[in-house]
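Colleague: Can you keep this structure in mind? I'll have questions shortly.
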Amino acid sequence: MHIPDNYLSPATCGVMITAMAPIWTVSVLKVKAQIKTKKETVPLIGVAAALAFLIMMFNLPIPGGTTAHAVGGALLAVLLGPWAACLALSLTLLLQALLFGDGGVLAFGANAFNMAVIMPFVGYACFQIGQRLHHEKIGLAVGAYLGINLAALTAGIELGLQPLLAHTSTGVALYCPYGLKITIPAMLTAHLLIAGWVEVLFSVFVYQFIKKAAPTTLYQAPATAKSFKVFYGLLIGLIVLSPLGLLASGTAWGEWNNHELAQRLHTAAPAGMTHGFHFNALFSDYAIHGLSLPLGYILSAVTAVLIFAVAMRVLQHEH
Amino acid sequence: MSTKLPDWLTTSTPLPTGHQQRHFLAQNMQRLERLLQRFSQANDLARPPLKHFIAPQHKLLAVLGVILLLSLNQNILLLWLLLLGDLVILLLLPPIYLRQVLRQTAVTGAFAILLILPSLLLNANVALFAAKTLLILLNLNYYRTTTTFNQVITALQQLHCPNSVIFVVDITLIYLKMLGEFLLQLLQAVSLRTVGKSKHPYQMIGLLFGTLYLKTRDYALDLYAAMEARGFIGVYPAAPRTRQRDQLYLLLEVTVFCFLFLLGR
C-alpha cells in the first residue's frame, strides 16, 4: 500500500501533507497529555516505531505459497492508544521512505494518511465498540479488517483521481495512468481477499497473547466524556468553517443543476433529468432569502446538526 | 558372522516438517539479517569510506528538490539535464557503492515499470512516466546508499526539526537494531527447536510478536529510567553550527532549483 513517488501529482502530495499537519499536531498534544500520567510514553513511541517497522517487514505465509505482510495499525492503536500509534506509524513511514526506499518521499503525506491515520483510528473505534459489547476480540478483528480495507480504498481513490486531476491538453494522464475504475478494484480485491485476513489473524493472535501474558500493558482509554468534548469541538469548528465551501468556485462534481449540466455537456440536459422529479428545498443551495450567503451556510450547518441531535435523542434509551 | 542392519535403520523416514513454515521462517531470517547488516560497523569498514562534500541537511534538501522538480515538470530537456547531473555524481562514487545504487534502481525500477505496462492499452504516455519514475528511484537510491542513519538525524536537526521528533527518530533507529536482533534470535531459537508441524503458523506469530511487544515495553521502561537517572529534561544536544560554506551552498542550491524550475516550465 506504500504509494511510490511520481504516482501522485505534487499538488495531491501537498494537499495530503497539509491535511496531515493538524493531525500530527493534535497527536503530539494528545501524547503530551498521556506523558503526564505515563512518563515512559516518549521512549515507548520510539521503540514502538521500531516494532511497527519490524511488523511491516515480517512476511507471513498465506495459503497458496505466497506471502503478505501485516501493517499492524489497529493492533498498535489498541496497545499504545490511537494517537501514539499514529505518531509511531508516521515515523516508521518516514524512515522507510528516506532510508529503505519503501514508499515515496513526496507521497509521505498520503501514505501517512492512509496507514497512520485511517488504520489505527478505524481499528481503535471498532475495538472500543467491541469492548462495550464485551467482544473485544471481534471488535479488533473487524477493526483490523475494516481499517486496512478503508486505507486501501483511500489509496485507490488517491491514485485513481490522478488522471482526472493532472493530464495534458489531449487528456493523457501525467501521473498514475489508471482511473478510479481500475485502481479501486485493484487495491480492494487484494486487500479484501488476502491482506485484510492476514491483518486480522496477525492482530488477533498477538492481542490474544498479550492479553494472556501481560494484560496490564494494554492502553487504557481515558474517560469517555473527554473524548466527546473533542468531538463537540470538532463539530463546532466544522460549523464555523462551513462557509469555506463558498471559496470553491463552481458546483461540486455531479451536483450540477440542469442548466449547469447542459453547459457542461454542450447539449441539452438528458430528457430524464429535465422531466424528472424536482424537489424544491426550503433553503435551496443553502441560501436563505434576505440573509447573506456565509450566514446562510452557518445556519444551514447548525440546523442540520440540531436535526441530527434531535433524531439521536429520539432514538436514545432511557436510563 | 555378518551383521545385518535392521530394516528401520536402513530406510530413512523424514520428519514430518511443515515445509512452508520452515520456508517462511528462513525467508524472514534472511530479510532480518539483511536489515541488521545495514547497522553493522563491520560492513562499513569493509567498504571505502565516502567523502561527504556537502552537509547532510543540504543533501536531504537537494534530494527533495530534485524529486519535486522531476514530478512537477514534463519537460524532456529538464529530465535530460538532471540525468546528466546524476551520471556525473554517480561517476564520483566508488565502484562498490555505484554497483549497489544501480542494482537497487534496476530492481525497484523493474517493479515500477511492470506496474505501468498495462497502461499502454490506455494510450498513456508511458515513456515519459517511466523515465521520470526511474530518475526519481535513481536519486532516492543514491541518497539511501550514501547516507548513514546519523546523517539523517543531523540533517533533521539542522533543518530545525523539534527536539522531541529528533529524539524519537534516534530512539527508533537504535531500537530497530536491538529489536531486530532480538527477533532474529527468537526466530533462530524457534527454527532450531520446533520439530513437526505447528497447528497454525499464525499462532506462533502471535507468540513471536507478542513477546517482541513485551520486550519493546521493557526497553522503553529501562530507557526512561536511564534517562531520568541521568537528569534528562527533554533537551537534545545542540546542533553543530552551520559553516559559512554551507550557507553559500544553500544559496547555490536554491538558485539551481529556481533556474531548473523556470527552464522546465
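Colleague: Can you tell me which residue among B:V152, B:V101 is within 17 Å of the chain's Cα centre (by Cα), over 19 Å from A:L106 (Cα atoms), within 13 Å of chain A (Cβ to nearest Cβ) and buried (at least 18 other Cβ atoms within 10 Å of the Cβ)? Lay out the reasoning, then the answer.
Modeller: On the way: B:V152 fails: over 19 Å from A:L106 (Cα atoms).
None of the other options fit; the residue is B:V101.
Colleague: Hey, does segment A:127-136 have a residue that's outside any helix (DSSP H, G or I) and closer than 18 Å to A:C176 by Cβ?
Modeller: No, because not a single residue in segment A:127-136 is outside any helix (DSSP H, G or I) and closer than 18 Å to A:C176 by Cβ.
Colleague: Only one residue in B:L179, B:L140 is of a type outside the set (V, I, T), surrounded by 15 or more Cβ atoms within 10 Å (Cβ to Cβ), at the interface with chain A (Cβ under 9 Å from one of its Cβ atoms) and in contact with a Phe, Trp or Tyr (Cβ under 8 Å, 6 or more places away or on another chain), so which one is that? It would help to see each step written out before you state the result.
Modeller: Details: B:L140 fails: in contact with a Phe, Trp or Tyr (Cβ under 8 Å, 6 or more places away or on another chain).
Result: B:L179 is the single residue among B:L179, B:L140 that is of a type outside the set (V, I, T), surrounded by 15 or more Cβ atoms within 10 Å (Cβ to Cβ), at the interface with chain A (Cβ under 9 Å from one of its Cβ atoms) and in contact with a Phe, Trp or Tyr (Cβ under 8 Å, 6 or more places away or on another chain).
Listed here are the residues, each with its yes/no results for (1) of a type outside the set (S, T, Y); (2) buried (at least 24 other Cβ atoms within 10 Å of the Cβ).
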position	(1), (2)
A:A84	yes, yes
A:L89	yes, yes
A:T92	no, yes
A:A97	yes, no
A:D102	yes, no
A:L106	yes, yes
A:I118	yes, no
A:A125	yes, no
A:Q131	yes, no
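Colleague: Suppose we filter segment B:156-173 for residues that are on the phi < 0 side of the Ramachandran plot and more than 9 Å from chain A (Cβ to nearest Cβ); how many remain?
Modeller: Initial filter on segment B:156-173 (on the phi < 0 side of the Ramachandran plot): B:156-159, B:161-173.
Now restrict to residues that are more than 9 Å from chain A (Cβ to nearest Cβ): B:156-159, B:161, B:163, B:166.
Final tally of qualifying residues: 7.
Colleague: Starting from residues that are more than 8 Å from chain B (Cβ to nearest Cβ) and in contact (Cβ under 8 Å) with a residue 24 or more places away in the chain, keep the ones in segment A:173-184 and report whichever is surrounded by the fewest Cβ atoms within 10 Å (Cβ to Cβ).
Modeller: Among those that are more than 8 Å from chain B (Cβ to nearest Cβ) and in contact (Cβ under 8 Å) with a residue 24 or more places away in the chain, it is A:L180.
Colleague: Any chance segment B:111-125 includes a residue that's within 12 Å of another protein chain (Cβ to nearest Cβ), within 15 Å of the chain's Cα centre (by Cα) and either surrounded by 18 or more Cβ atoms within 10 Å (Cβ to Cβ) or among the β-branched types (V, I, T) (or both)?
Modeller: No, every residue in segment B:111-125 fails to be within 12 Å of another protein chain (Cβ to nearest Cβ), within 15 Å of the chain's Cα centre (by Cα) and either surrounded by 18 or more Cβ atoms within 10 Å (Cβ to Cβ) or among the β-branched types (V, I, T) (or both).
Colleague: Another question, then. Determine whether segment A:67-74 contains at least one residue that is crowded, with 24+ Cβ neighbours inside 10 Å and part of a helix (DSSP H, G or I).
Modeller: Filtering segment A:67-74 for residues crowded, with 24+ Cβ neighbours inside 10 Å gives A:70-74.
This time we only want the ones that are part of a helix (DSSP H, G or I), so: A:73-74.
Looking through segment A:67-74, at least one residue is crowded, with 24+ Cβ neighbours inside 10 Å and part of a helix (DSSP H, G or I).
Colleague: State which residue pairs qualify: first residue touching a residue at least 40 places away in the same chain (Cβ under 8 Å) and inside segment B:133-160, second residue of a type in the set (D, E) and part of a loop (DSSP other than H, G, I, E, B) in any location, beta carbons under 6 Å apart, and separation of 6 or more residues or different chains.
Modeller: B:I136/A:D5
Colleague: What number of residues in segment B:183-234 are touching a strand residue (DSSP E or B) at 6+ places or on another chain (Cβ under 7 Å) and free of Cβ contacts under 8 Å to residues at least 24 places away in the same chain?
Modeller: Looking only at that region, the number is 1.
Colleague: For segment B:45-72, which residues satisfy the criterion of being over 27 Å from B:R243 (Cα atoms) and at pLDDT below 80?
Modeller: Scanning segment B:45-72 gives B:L45, B:A46, B:R47.
Colleague: Against the condition assigned by TED's automatic domain parsing to the domain that holds A:G123, over 22 Å from the mean Cα position of the chain (by Cα) and either under 17 Å from A:F127 (Cβ atoms) or among the hydrophobic types (A, V, I, L, M, F, W, C) (or both), how does A:V71 come out, does it pass? Don't jump to the end; show me each part of the working.
Modeller: Details: assigned by TED's automatic domain parsing to the domain that holds A:G123: yes; over 22 Å from the mean Cα position of the chain (by Cα): no; either under 17 Å from A:F127 (Cβ atoms) or among the hydrophobic types (A, V, I, L, M, F, W, C) (or both): yes.
So A:V71 fails the test.
Colleague: Scan segment A:119-142 for residues that are within 13 Å of the chain's Cα centre (by Cα) and touching a residue at least 40 places away in the same chain (Cβ under 8 Å) and jot them down. Please lay out each step first, then the result.
Modeller: Start the filter on segment A:119-142 by keeping residues that are within 13 Å of the chain's Cα centre (by Cα), which leaves A:119-125.
Answer for segment A:119-142, where residues must be within 13 Å of the chain's Cα centre (by Cα) and touching a residue at least 40 places away in the same chain (Cβ under 8 Å): A:M119, A:P120, A:F121, A:V122, A:G123, A:Y124.
Colleague: Across segment A:24-49, what is the number of residues that are at the interface with another protein chain (Cβ under 8 Å from one of its Cβ atoms) and either outside any helix (DSSP H, G or I) or without any contact (Cβ under 8 Å) to a residue 12 or more places away in the chain (or both)?
Modeller: 5
The values are calculated or read from the model by the stated rules, or taken from the named source; none is laboratory data. Small disclaimer: the values here were computed from a predicted structure and weren't measured. Neighbour counts run over all protein chains shown; Cβ positions are idealised from the backbone, glycine included.
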